[in-house]
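Visitor: Below is the structure I would like to discuss, written out as structure tokens.
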Amino acid sequence: MDVLIGLLFVILGVIVGALVSILPSVHIYNIAPIFILIAPSLGIPSSCLLFFLLGNVIGFAVINAISTIFFSAPDDTTFIVLLPAQTMLINGRGFEAAIMMGAGALIGASVLVALSPLLVLIIPVVLRVVNPHLHWILALFLFYILFSEFPKDFGIGKSKWARFKAAWRTLAAGYLTFILASVYGFIIMYGNIMPVESAYFGMLPAFIGLFAISSLIMNIFSRPKVPKQNIQRSLDATKLDLIKGGLAGISGGLFAAIVPALTGGMGSIIAGQATGQRDEAQFIISIGASRFVYYVGAFFFLFMPGFSIVRGGLANIAATVYIPQRYSEYFVAVAGIAIGSVLAFGILVLISYFLANNIHRVRYDYLSIAIIILLSVIVYSTTGLMGLFVMVVGTAIGLIPLIYGSRRLHCMAVIIFPLMLSMAGLADEFALLLGLPI
Amino acid sequence: MSASDNSGHFEESQEGRYCPSCGRYVGHHSLCPYCGARVKVRVSLKVLAIISLILAVSGVIAIYFAAHSKAPTVLVEQITPEMNYARVRVVGYVVSAPYYDDISGRLSFRIVDLNWTYNEYFNTSNIIVNVYPPTSLELIRLGRIPVLGDKVEVVGTLKLRGYIAMAINYEEDLNILREAPVSVSIDEIANNWGSMIGKSVTVDGWVVEYSNYSGMLLLKIKDYYSTTQYKLSVYIPEIVYKWLGNMTDFFLGDKIEITGNIWEYRGEPELVPWNASSIVLIEKLEIMPLAEILANTSFYGEANVIVMVNVTVVGYHPTYHNIVYVTDSSTASQVTIFIDWEVWDSLGTEAKQKLNTIGFNFVTIGMCTFYKSSFEIAVYDPSWLILG
């Protein structure tokens with residue numbers, strides 16, 4: 001395949017991916033199968049399709065910041081940045097927040113490109129070493145989620161019971177969220193509840209319910225008034241913030257790309273804690289870098305010649321079509337990441353600029369209702385009525401930490417818990433324990 | 001402490017004076033002039049909290065009950081990339097001999113659906129079924145492994161790459177749908193095998209060819225008394241004789257009964273035993289007096305009966321030393337033993353000398369045949385000769 005044709009498809013993919021990703025909470029993983037299905041009828045060769053999909057992921061990884069920052073509709077990787085992003089938006093700094101995340105993504109892209117000659121040597125070895133241990137690594141993350149919850153009372157209740165209740169309110173809500181999300185995720189994965197034609201979209205309603213709709217409902221109730229946004233000419237971040245945030249994000253993103261079920265956001269939180277990250281700017285930058293390395297990196301692994309490394313939802317479905325086996329394709333992908341990320345960043349600046357100038361004109365509660373309707377239509381069209389029901393239940397679970405002030409991280413048990421059981425070989429036993437049909 | 005920090009208290013004690021949303025003083029306005037929030041008619045977050053709690057718990061319970069449905073049955077042609085990781089049921093036939101790797105513990109075989117439908121997207125009609133430990137070990141222990149031609153019902157998780165694969169997670173997810181076997185003759189199979197594909201049958205016959213390849217045994221069995229003299233191929237994959245029951249000790253010339261599936265291989269029927277125990281030895285080949293053979297040479301020669309004889313060398317061909325004349329105590333007549341050229345060449349000098357020594361006694365298995373109207377017993381494999 002011609003190098004220029006490969007790059008052309010990456011660029012085309014970035015543009016299409018960016019346009020799709022502006023829509024709140026629309027995940028490129030749920031749109032890509034449509035491209036895969038129509039590609040043969042358009043005469044697009046499988047190898048070119050893969051570069052197009054790489055472009056889609058690059059566009060999504062960069063542009064999806066908009067959905068989180070301006071529309072408060074996060075996904076499973078950005079829900080953790082929702083609070084600082086919303087704070088910045090309320091303070092008229094939405095544009096700055098978007099650019100910070102974009103800067104993080106650019107740092108992630110730079111490092112991914114710079115490391116690409118080494119990654120092809122290192123990643124297969126790392127995967128060989130890590131793969132047999134994934135179950136206990138995931139189990140550790142589950143413990144981390146549980147133990148990271150903390151009481152948020154001030155110990156000022158009038159009676160012992162009042163203090164006890166206040167102390168356990170957030171803890172209990174967190175643990176309840178964890179348990180419900182775990183069982184909910186396990187049933188979705190191992191029960192036969194979703195239509196078989198949409199198995200690929202199996203977790204979509206759950207994620208949309210848990211992370212997006214719950215946030216949007218809170219928007220409707222709190223009716224935040226978004227002020228006119230300022231267009232900053234510089235970022236409230238030092239070079240050290242860029243380096244520290246970028247490094248934490250990259251390490252978190254790489255970790256999440258290697259370990260299934262962990263998302264870039266989660267990887268970034270852990271890497272941030274490991275590197276003693278405190279600053280808000282560092283945090284937002286790290287999420288940008290982490291998301292890019294997580295999404296693009298996981299898909300990029302598929303290009304490693306001779307290894308057929310399939311990581312992440314999109315790689316899984318793309319591998320049904322074509323798995324690159326040539327070094328030339330690998331390095332075209334590297335070039336595609338370099339060029340595509342810059343292009344996506346440019347698009348991010350333009351769209352953020354437009355939104356920053358206009359978002360204050362929009363009633364946020366109405367906007368949230370419109371997004372909920374859009375997401376419901378997407379869920380219904382991909383997974384039917386059962387998908388809608390699953391989304392509603394996910395929303396209810398996702399609301400618990402928001403209302404009771406516990407950590408939303410507990411919702412991640414929806415995917416980590418069932419995968420941990422599966423990798424430990426305990427999924428069958430748990431299914432029997434629940435009395436699920438096998 | 002600001003009003004917004006403790007809005008609950010303000011709502012109770014100073015209703016209408018401070019905005020419960022932004023905490024600013026609003027007087028008697030029903031809408032906050034600063035943030036636009038309703039001041040009097042508001043939905044308490046408590047209500048939302050209770051609703052979300054009830055909905056979350058009852059929703060998970062409802063999903064739990066919804067999950068009690070069976071996996072849907074699909075045809076190969078219906079499988080699309082979006083069905084990756086779907087748990088589905090496929091009813092069809094096993095079209096490849098199951099392979100069991102005892103190092104990794106992986107068991108795999110291929111199936112087609114009942115209608116042999118073809119998937120245009122993946123360009124195949126086959127699904128590769130993989131079973132991993134501990135399920136594979138359990139299936140081996142239970143002896144519940146299908147063989148070529150078995151009708152099966154498989155429930156598993158689709159794994160789609162450039163091909164269609166399926167992983168079985170539980171031993172209950174593999175059901176072999178075998179009918180009670182029907183006793184048929186080799187002649188019936190020879191005449192009607194097209195309509196018998198996938199049927200369970202019990203057949204008996206004499207082993208007239210026996211080849212031990214790496215990973216399989218290939219036999220030909222025939223009924224000496226049949227009209228067609230058809231030699232039916234029997235394919236015994238490694239998994240059958242190594243992992244599924246105890247194989248009876250049989251060899252060339254023995255009469256055996258096999259229960260298995262009729263399947264097709266390169267336009268010819270073949271019989272695949274269900275397991276090692278479904279091969280039953282009926283009659284072991286024993287040493288036969290030459291007199292008995294000579295009394296009915298037309299039958300033995302035309303049916304190419306495999307015999308075992310204990311004979312003494314009485315002469316050999318002056319030019320072709322692989323043609324040996326023998327007799328035994330049951331008769332004064334002599335019989336020609338033809339040792340195939342390849343077999344003769346493979347013998348050592350000592351063995352050749354023995355076979356060309358008058359009075360040398362040996363046991364051999366051979367196939368009765370006619371060569372230019374003369375009856376002879378032909379030896380086609382070095383292992384047939386027992387020279388003592």
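Visitor: Picking from A:Leu375, A:Leu409, A:Leu176, which is most flexible by a Gaussian network model of chain A using Cα springs under 10 Å?
Guide: Its mean-square fluctuation being the largest, the pick is A:Leu176.
Visitor: Using a 10 angstrom Cβ neighbour count of at most 13 plus a DSSP loop assignment to flag exposed GluC sites (Glu not before Pro), which longest range of chain B is free of such sites?
Guide: On the way: sites that count: B:Glu15, B:Glu120, B:Glu179, B:Glu286.
Within chain B, the longest run free of exposed GluC sites (Glu not before Pro) spans B:180-285.
Visitor: How much net charge surrounds B:Ala167 when only the other residues with a Cβ under 11 Å from the Cβ of B:Ala167 are counted, with Lys and Arg +1 and Asp and Glu -1? Write down the numbers at each step before the final one.
Guide: Working: positive: B:Arg87, B:Arg106, B:Lys159; negative: B:Asp173.
So the surrounding residues net to +2.
Visitor: Compare the Cα positions of B:Asn246, A:Leu83, A:Gly267 along the charge dipole of the protein assembly as shown (+1 at Cβ of Lys, Arg; -1 at Cβ of Asp, Glu; about the Cα centre) and return the one farthest towards the positive end.
Guide: The residue sitting most towards the positive pole is A:Leu83.
Visitor: Still on this model: Could you list A:Phe301, A:Phe52, A:Phe143 so that the one with the fewest beta carbons within 10 Å of its beta carbon is first and the one with the most is last?
Guide: Details: A:Phe301 22, A:Phe52 25, A:Phe143 10.
Result, fewest neighbours first: A:Phe143, A:Phe301, A:Phe52.
Visitor: Which net charge results when you count Lys and Arg as +1 and Asp and Glu as -1 among the other residues whose beta-carbon is under 14 Å from that of B:Gly143?
Guide: Details: positive: B:Arg141, B:Arg144, B:Arg178, B:Lys242; negative: B:Glu138, B:Asp150, B:Glu171.
Computed value for this residue: +1.
Visitor: Would you work out which of B:Trp344, B:Ala303, B:Tyr380 lies farthest towards the positive end of the dipole of region B:290-386, given +1 charges on the beta-carbon of Lys and Arg and -1 on that of Asp and Glu, about the Cα centre?
Guide: Toward the positive end, the furthest listed residue is B:Trp344.
Visitor: Cut-off is 10 Å between beta-carbons; in what order do B:Ile358, A:Ile145 appear when sorted fewest neighbours first? Spell out each step's value before the answer.
Guide: Details: B:Ile358 10, A:Ile145 22.
Fewest to most other Cβ atoms nearby, the residues stand as B:Ile358, A:Ile145.
Visitor: For each pair in B:Lys70/B:Lys199; B:Lys70/B:Lys242; B:Lys199/B:Lys220; B:Lys255/B:Lys372; B:Lys199/B:Lys222; A:Lys225/B:Lys46, compute the distance between the two Cα atoms and list the pairs where it is over 26 Å.
Guide: Working: B:Lys70/B:Lys199 28 Å; B:Lys70/B:Lys242 35 Å; B:Lys199/B:Lys220 19 Å; B:Lys255/B:Lys372 29 Å; B:Lys199/B:Lys222 19 Å; A:Lys225/B:Lys46 22 Å.
Pairs exceeding the cut-off: B:Lys70/B:Lys199; B:Lys70/B:Lys242; B:Lys255/B:Lys372.
Visitor: While we're looking at this one, here's another question. Identify, among A:Leu37, A:Val120, A:Phe60, the residue whose Cα sits farthest towards the positive end of the charge dipole of chain A, taking +1 on the Cβ of Lys and Arg and -1 on the Cβ of Asp and Glu, with the dipole about the Cα centre.
Guide: The listed residue farthest towards the positive side: A:Phe60.
Visitor: Here's a follow-up. Looking at the protein assembly as shown, what % of its DSSP beta bridges pair antiparallel, to the nearest 5?
Guide: Numbers: 80 of 94 bridges.
Rounded to the nearest five, the antiparallel share is 85 percent.
Visitor: If I take every Cα pair under 8 Å that is 6 or more residues apart in chain B, average their sequence separation and divide by the length, what percent do I get for the relative contact order? Can you show the working numbers first?
Guide: Working: 794 pairs, mean separation 33.3, N = 388.
Computed value for chain B: 9 percent relative contact order.
Visitor: Related question: How large is ³J(HN,Hα) for each residue in region B:135-141, as worked out from phi by the Karplus curve 6.51 cos²θ - 1.76 cosθ + 1.60 (θ = phi - 60°), to whole Hz, x for Gly and Pro?
Guide: Result, ordered by residue: 4, 5, 5, 5, 5, 5, 4 Hz.
Visitor: Quick one: plug the Kirkwood hydrodynamic radius of chain A (C-alpha pairs) into Stokes-Einstein at 37 °C, 0.692 mPa s, and report D in µm²/s. Don't skip to the answer; put the middle values down first.
Guide: Details: Rh = 22.0 Å.
In µm²/s, the coefficient is 150.
Visitor: Another question, then. Starting from region B:117-166, pick out the chymotrypsin sites (Phe, Trp or Tyr not before Pro) whose DSSP state is loop and whose Cβ has at most 15 other Cβ atoms within 10 Å.
Guide: Here the chymotrypsin sites (Phe, Trp or Tyr not before Pro) that fit, given the DSSP loop and packing criteria, are B:Tyr118, B:Tyr163.
Visitor: In nm, to one decimal, how far is the modelled label at B:Ser104 from the one at A:Leu8, with both set 7 Å along Cα→Cβ?
Guide: Rounded to a tenth, the inter-label distance reads 4.0 nm.
Visitor: Order these by the 10 Å Cβ neighbour count, fewest first: A:Leu50, A:Leu134, B:Leu285. Write down the numbers at each step before the final one.
Guide: Details: A:Leu50 29, A:Leu134 20, B:Leu285 17.
Going from sparsest to densest Cβ surroundings: B:Leu285, A:Leu134, A:Leu50.
Visitor: Specify the longest stretch of chain A that does not include any exposed loop site, a site being one of the trypsin sites (Lys or Arg not before Pro) with a non-H, G, I, E, B DSSP assignment and at most 10 other Cβ atoms within 10 Å.
Guide: Working: sites that count: A:Lys158, A:Arg233, A:Arg278.
Maximal segment without exposed cleavage sites: A:279-438.
Visitor: Suppose R0 equals 60 Å. What FRET efficiency, 1/(1 + (r/R0)^6) with r the Cβ-Cβ distance, do B:Phe370 and A:Gln325 give to the nearest 0.05?
Guide: On the way: r = 59 Å, r/R0 = 0.99.
Calculated transfer efficiency: 0.50.
Visitor: Related question: At A:Ile243 and A:Ala166, where each label point lies 7 Å from the Cα along Cα→Cβ, what is the point-to-point distance in nanometres?
Guide: My value for the distance between the label points is 4.4 nm.
Visitor: Kirkwood hydrodynamic radius of the protein assembly as shown from all distinct Cα pairs, in Å? Walk me through the intermediate numbers first.
Guide: Numbers: mean 1/r = 0.0317 Å⁻¹.
So the Kirkwood estimate lands at 31.6 Å.
Visitor: OK, next. Residues with beta-carbon under 15 Å from that of A:Gln229, excluding A:Gln229: net charge, scoring Lys, Arg +1 and Asp, Glu -1?
Guide: On the way: positive: A:Arg93, A:Lys225, A:Lys228, A:Arg233, A:Arg361; negative: A:Glu96, A:Asp236.
That sum, taken over residues with Cβ under 15 Å, equals +3.
Visitor: How large is the charge dipole for the protein assembly as shown, taken about the Cα centre, if only the Cβ atoms of Lys, Arg (+1) and Asp, Glu (-1) carry charge, to the nearest 20 debye? Write out the running numbers ahead of the final one.
Guide: On the way: 50 positive and 55 negative charges, 1081 e Å.
Its charge dipole is roughly 5180 debye.
Visitor: Let me know the whole percent of all Cα-Cα pairs from region B:220-353 that are separated by more than 26 Å.
Guide: Working: 3760 of 8911 pairs.
Beyond 26 Å sits 42 percent of the P(r) for region B:220-353.
Throughout, read-outs are computed from the coordinates displayed, never taken from laboratory work. Note that this is a predicted model, so its numbers are computed, not measured. We place every Cβ from the backbone using ideal geometry, glycine too, and count neighbours over all the protein chains shown.
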